[in-house]
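A short write-up of the structure that comes next.
The values are calculated or read from the model by the stated rules, or taken from the named source; none is laboratory data. Treat the numbers as computed from the prediction; the structure is a model and nothing was measured. Cβ coordinates were reconstructed from backbone atoms using ideal geometry, including for glycine residues, and neighbour counts include every protein chain displayed. Heads up: the accessible areas ignore ligands, DNA and RNA and are worked out on the full protein's heavy atoms, side chains in. Shrake-Rupley method; radii C 1.70, N 1.55, O 1.52, S 1.80 Å.
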2 protein chains.
Amino acid sequence: MQKEHNLSKNQKIIFDLIDKSGEPMKAYSILFNVQKKGIKAPLQVYRALDKLVEIGKIHKIESRNAFIACQNSSCQVSKATAFSICESCENVSEISNSKLSKYLSNFSDDSGMKYSKYNLEFFGLCKKCKSK
Amino acid sequence: MQKEHNLSKNQKIIFDLIDKSGEPMKAYSILFNVQKKGIKAPLQVYRALDKLVEIGKIHKIESRNAFIACQNSSCQVSKATAFSICESCENVSEISNSKLSKYLSNFSDDSGMKYSKYNLEFFGLCKKCKSK
DNA sequence: AACGTTATGTAATAATATAACATTTATAAG
DNA sequence: CTTATAAATGTTATATTATTACATAACGTT
Ligand SMILES: [Zn+2]
Ligand SMILES: [Zn+2]
Ligand SMILES: [Zn+2]
Ligand SMILES: [Zn+2]
């Protein structure tokens, strides 16, 4: 059972945009797209993004400085994220693989250290791009 | 046997700085530190960084926009990188764990897709910070 | 109503990274 | 040694990404 987050006005506008786009969006592209809805300044976007990331509705693709809606309904807290990124068409998808997440969540390094969060980004060519 | 890369003048200056520091350095901090050596513009730094990343002498910590010298002598091509990052003191260390790298290099997602590269960042508290 | 918390608005600025163009240096053939 | 090619450098300007600072408004709880 996951906590219900009542998004604020700006958060909802920005989440809906990202969610509908279905792909990673950059902050200033988001800004451009929501200006007609009254969101005029970068900070308004970044504040909403920060909150949405915090509650796991979106994730940041660190290598791309872009934000994508969570594609994994069970991933409501952004502590364990994994993505595949096509280096040709920049398609990104979230990987939800329970073995992988279990493996990484339980991973401890050579000094016995365990970690509370991780982010993994795989790079390669997606099927479309590979078959070209 | 790994390929010997003869670093150019700027590449060497910048690699030496990062390597000696032993911790992640940001591009403009690098710039500041090498200005006395004649490197005056951001682009000179970014070009050297790009090359050093390409040949695996340094890695970029994506979540921090920072660059760290490779701590793993066998990791001369930046295709499979893993780091642990302390969220309190920002200490970063490169993880070299053959099981982990084998697991991730061989990982294929639910559609059977395999990937040629990955970058993994673990977050948590380092031993020092945990014991405070 | 009073309070603390969360969200918003706005302007300015900081931090990170690239484009464009000219020149120089290194490497390798012929 | 000359020519060709690629790699690296120098320089200016600009683009992109993100935060600081401060003021105001809305929300949730008691
Ligand atoms: Zn998710
Ligand atoms: Zn693709
Ligand atoms: Zn390395
Ligand atoms: Zn620490």
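Once you keep just the Cα pairs under 8 angstrom separated by 6 or more residues, what percentage relative contact order results for region B:80-130?
Across region B:80-130, relative contact order equals 50 percent.
In deg cm²/dmol and to the nearest 500, what is the mean residue ellipticity at 222 nm of chain A if only DSSP H runs of at least 4 residues count, each as -39500 (n - 2.57), divided by the residue total?
Calculated from helices alone, the mean residue ellipticity at 222 nm is -10000 deg cm²/dmol.
What nm distances, shortest first, do you get from the label point of B:GLU23 to those in the other copies when the point sits 7 angstrom along Cα to Cβ?
Listed shortest first, these distances are 4.0 nm.
Compute for region A:9-69: radius of gyration divided by Kirkwood radius, i.e. Rg/Rh, restricted to C-alpha atoms, rounded to two decimals.
Over the Cα atoms of region A:9-69, Rg/Rh equals 0.91.
Shortest first and in nm to one decimal, what separations exist between A:CYS89 and its copies in the other chains, measuring from label points 7 Å along the Cα-to-beta-carbon line?
So the label point of A:CYS89 gives 4.6 nm to the other copies.
With N denoting the number of residues in the protein assembly as shown, provide Rg(C-alpha) divided by 2.2 N^0.38 Å, to two decimal places.
Its radius of gyration relative to the 2.2 N^0.38 Å reference: 1.07.
Give the average, rounded to an integer, of partner chain Cβ atoms located within 10 angstrom of each Cβ in B:105-118.
So the per-residue partner count for this stretch is 5.
With a 1.4 Å probe and all protein chains left in place, how much accessible area per residue does chain B have, in Å²?
About 57 Å² of surface per residue is accessible.
If you line up the Cα atoms of region B:80-130 on their principal axes, what length do they span on each, largest first, in Å?
40, 19, 14
In chain A, carbon and sulfur make up what percent of the accessible area (probe 1.4 Å)?
Roughly 50 percent of what the probe reaches on chain A is carbon or sulfur.
Just flag the trypsin sites (Lys or Arg not before Pro) in region A:12-77 sitting in loop per DSSP whose Cβ has no more than 14 other Cβ atoms within 10 Å. Don't jump to the answer; show the numbers that get you there.
Working: sites: A:LYS12, A:LYS20, A:LYS26, A:LYS36, A:LYS37, A:LYS40, A:ARG47, A:LYS51, A:LYS57, A:LYS60, A:ARG64; in loops: A:LYS26, A:LYS40, A:LYS57.
Taking region A:12-77 and a limit of 14 other Cβ atoms within 10 Å, the loop trypsin sites (Lys or Arg not before Pro) found are A:LYS26, A:LYS40.
Shortest first and in nm to one decimal, what separations exist between A:ASP109 and its copies in the other chains, measuring from label points 7 Å along the Cα-to-beta-carbon line?
2.7
Mind listing the Cα extents of chain A along all three principal axes, in Å, largest one first?
50, 42, 27
How far is it, in nm, from the label point at B:ASN106 to the one at B:SER88 when both lie 7 Å from their Cα along the line to the Cβ?
3.7
Using the Karplus curve 6.51 cos²θ - 1.76 cosθ + 1.60 with θ = phi - 60°, work out ³J(HN,Hα) for each residue of region A:118-130 in order, rounded to whole Hz, and write x for Gly and Pro.
Ordered by residue, 3J(HN,Hα) equals 8, 9, 10, 10, 8, 10, x, 10, 6, 4, 3, 5, 5 Hz.
Find the centroid of the Cα atoms in region A:55-132 and in region B:100-126, then give the distance between the two in whole Å.
9
Angle check, please: helix B:42-54 long axis (alpha carbons) against the longest principal axis of chain B (alpha carbons), in degrees 0 to 90, nearest 10.
Taking Cα atoms only, the helix is inclined about 40 degrees.
How much of the DSSP beta bridge set in region A:80-130 is antiparallel, as a percent to the nearest 5?
Antiparallel: roughly 35 percent of the beta bridges in region A:80-130.
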